[in-house]
Protein chains: 2
Amino acid sequence: MSNAPIGVFDSGVGGLTVLEALTARLPHEHFIYLGDTARLPYGTKSPETVARYSLQAAQALARYGVKCLVIACNTASSVGLPVITRYIENVPVIGVIEPGAQAACAASRSGNIAVIATEGTVRGGAYQQAILRIRPDAQVNAEPAPLFVALAEEGLNEGSIADDIANHYLRPMFGATEGAPDTLVLGCTHFPMLARAIRHAVGPKVQIVDSAETTAVSVDARLRKAGLAGTRSTEGVVRLLATDGRERFARVGSRFLKRPISPDEVELVDL
Amino acid sequence: MSNAPIGVFDSGVGGLTVLEALTARLPHEHFIYLGDTARLPYGTKSPETVARYSLQAAQALARYGVKCLVIACNTASSVGLPVITRYIENVPVIGVIEPGAQAACAASRSGNIAVIATEGTVRGGAYQQAILRIRPDAQVNAEPAPLFVALAEEGLNEGSIADDIANHYLRPMFGATEGAPDTLVLGCTHFPMLARAIRHAVGPKVQIVDSAETTAVSVDARLRKAGLAGTRSTEGVVRLLATDGRERFARVGSRFLKRPISPDEVELVDL
């Protein structure tokens, strides 16, 4: 079982930032990544629909005999985690929200924490609840930043348009001279692509928490604890599955995974 | 049959700009609008997937006994029209591409025509082909402008961000002192929402063709020709169906339809 692959799923290509962090931390593990590109984005859909889609994606990965399941999508983690843990038995399931909330609470001195995410993640309140469970005195301000998704997918990560949009979302939260948050959670897997524009907008002192890295740490710890860490000395293999659009997955995904993806590598699956 | 409703479908709320033009031109007709919000957007998906989704939406509307079917989505028109006309019998099917192409060819003096649309519509080449069928000497330059969709959905229709993004897409096409297009087709139903920013970017002389209005004219003519025009003297009734997210449909859709929509008006359907 410890040589079985780790399943990673996302609504599309955003979760490749999490896969990238996972492969960097766990280079000997095998991974199967599933992007539900036929039905993306999850961020604007209702909780019921996101939960249903997430469960279908999790079940598809379970059929590949994965030893662990990572929900590399904030929206799916926020509403899908309970239903997935109920239906997928004997496989640890790890979302991105809890590791992100823990990292934010550890990073913040004042307890004044800002979260930017998709509409669905903000509305669901999962980050707000996860942070307050860990740190009941925290002040959490969560706001949607949907244009960041489109910017990242188009590769407009830097420059005046990215800066303007980052200012549009972040200045109202961080512009105050007093009482501004000291920590910002990037609550969508697309947002690390815009790290530079986001840094420009919030200034040098704000702690920026990117849940990709913190999730990789969390998966590592969970595998060790469960005795499921891979024992291979060879390099891990990564399989990429998508529900639609090989060519676009390869083109846009290459930027997110930080390595070239060929359309031929992408296997189409139907959920 | 002439008192049966007209079916209008789109991947989401963008087609409400077409519905608005239709109700303005045909105030005595009944309409059933279906937004496939559970699976939007179509603009980044593969032609096969868009064709399958479009056919399912068309079949759902056909079950309501519509007398005419309007595909109020450029991406769905571009790849779904042939399959829909094959499977939906005895109901006239009208897409937005052909009326838009006709209007562009009529408006352009030089025959140098620019089209902005979603990735899927541009890649499919339907506008380019439709324009060249009508006017074989035309020079057509079609480019994707996907951020416009996110801007319109977020209501950021005007202001410096909208202007910057409009310049980003349009200046490379229209900035040349010689040989610039004299006509611009808004090949996505979201784009009329950004008319002002688009006008700023292209200057006062370019003819801007919005396919909502031209499609309404085309539907009117088609109904008369087929003897299907409504004979009522009372005001037409509009039913709104969506596959997901009543609340978001109402909130975002109100801006597109230019009248308030209550979430209670929106009927959820499963395709």
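None of the figures in this text is laboratory data; all of them are computed from the coordinates on show. It should be emphasised that the depicted structure is a prediction, and the values quoted were computed from it without experimental measurement. Here Cβ is always computed from backbone atoms with ideal geometry, including for glycine, and neighbour counts include all displayed protein chains.
Working from label points 7 Å from Cα in the Cα-to-Cβ sense, the A:Asp137 to A:Ala195 distance is 3.1 nm. Size descriptors for the protein assembly as shown (Cα atoms only): Rg and Dmax, in that order, 24.2, 79 Å. Going by neighbour counts of Cβ atoms within 10 Å, the residues A:Asp210, A:Asp36, B:Asp10, B:Asp137 line up, fewest first, as B:Asp137, A:Asp210, A:Asp36, B:Asp10.
Would you mind working out the magnitude of the charge dipole of chain A relative to its Cα centre, with +1 at each Lys and Arg C-beta and -1 at each Asp and Glu C-beta, to the nearest 20 Debye?
580
Looking at the range A:48-113, the trypsin sites (Lys or Arg not before Pro) that sit in a DSSP loop and have at most 15 other Cβ atoms within 10 Å of their own Cβ are A:Arg63, A:Arg109.
With N set to the residue count of the range A:48-98, report its C-alpha Rg divided by 2.2 N^0.38 Å to two decimal places. The partial results should precede the final answer.
Numbers: Rg = 9.6 Å, N = 51, 2.2 N^0.38 = 9.8 Å.
Cα Rg divided by the expected 2.2 N^0.38 Å: 0.98.
How many partner chain Cβ atoms sit within 10 Å of a residue's Cβ in peptide A:32-39, on average, as a whole number?
2
If only the Cβ of Lys and Arg carry +1 and only the Cβ of Asp and Glu carry -1, the dipole of the range B:148-262 around its Cα centre is close to 560 debye.
Averaging sequence separations of C-alpha pairs under 8 Å and six or more residues apart, then dividing by the length of the range B:141-271, give the relative contact order as a whole percent. 21 percent. Residues B:Ser233, B:Ser262, A:Ser108, ranked from the fewest to the most other C-beta atoms within 10 Å, line up as B:Ser233, B:Ser262, A:Ser108.
Proximity of backbone amide H atoms, modeled 1.01 Å from N, is registered between B:Val115 and B:Asn141, B:Ala142, B:Glu143, B:Val185 at under 5 Å, excluding neighbours fewer than 5 places apart on the same chain.
At an R0 of 60 angstrom, the distance between the Cβ atoms of A:Arg25 and B:Glu48 translates into a FRET efficiency of 0.95.
Two numbers describe the Cα atoms of the range A:102-242: Rg and Dmax, which are 16.9, 53 Å.
Calculated from DSSP H runs of 4 or more alone, at -39500 (n - 2.57) each and per residue, what is the 222 nm mean residue ellipticity of the protein assembly as shown, nearest 500? Could you put the intermediate results ahead of the total?
On the way: 22 runs with 248 residues, N = 542.
Helix-only estimate at 222 nm: -14000 deg cm²/dmol.
When A:Lys258 is represented by a point 7 angstrom out along its Cα-to-C-beta vector, the spacings to that point in the other copies are 4.9 nm, nearest first.
Magnitude of the Cβ-charge dipole of the range A:1-144, K/R +1 and D/E -1, about the Cα centre, nearest 20 debye?
Numbers: 11 positive and 10 negative charges, 34 e Å.
Using only the charged Cβ atoms, the result is roughly 160 debye.
Determine the relative contact order of chain B: mean sequence separation of Cα pairs under 8 Å and six or more apart, normalised by residue count, in whole percent. Don't skip to the end; give the middle numbers.
On the way: 560 pairs, mean separation 75.1, N = 271.
The value is 28 percent.
Each Cα pair under 8 Å and six or more residues apart adds its separation to the average, and for the range A:98-211 the resulting relative contact order is 36 percent.
Each residue, A:Asp270 and A:Thr85, gets one label point 7 Å from its Cα in the Cβ direction; the gap between the two is 3.4 nm.
Let me check I've understood the local charge: for B:Leu184, count other residues with C-beta under 15 angstrom from its C-beta, Lys and Arg +1, Asp and Glu -1. What total comes out? Spell out each step's value before the answer.
Numbers: positive: B:Arg109, B:Arg171, B:Arg196, B:Arg199, B:Lys205; negative: B:Glu143, B:Asp182, B:Asp210, B:Glu213.
Result for the neighbourhood of B:Leu184: +1.
Residues of B:240-246, mean number of Cβ from any other protein chain within 10 Å of their own Cβ, rounded to a whole number? Let's see the in-between values first.
Details: counts 0, 0, 1, 3, 6, 8, 1.
Whole-number average of other-chain Cβ neighbours for B:240-246 is 3.
Principal axis analysis of the Cα atoms in chain B yields extents of 53, 38, 38 Å, listed in decreasing size.
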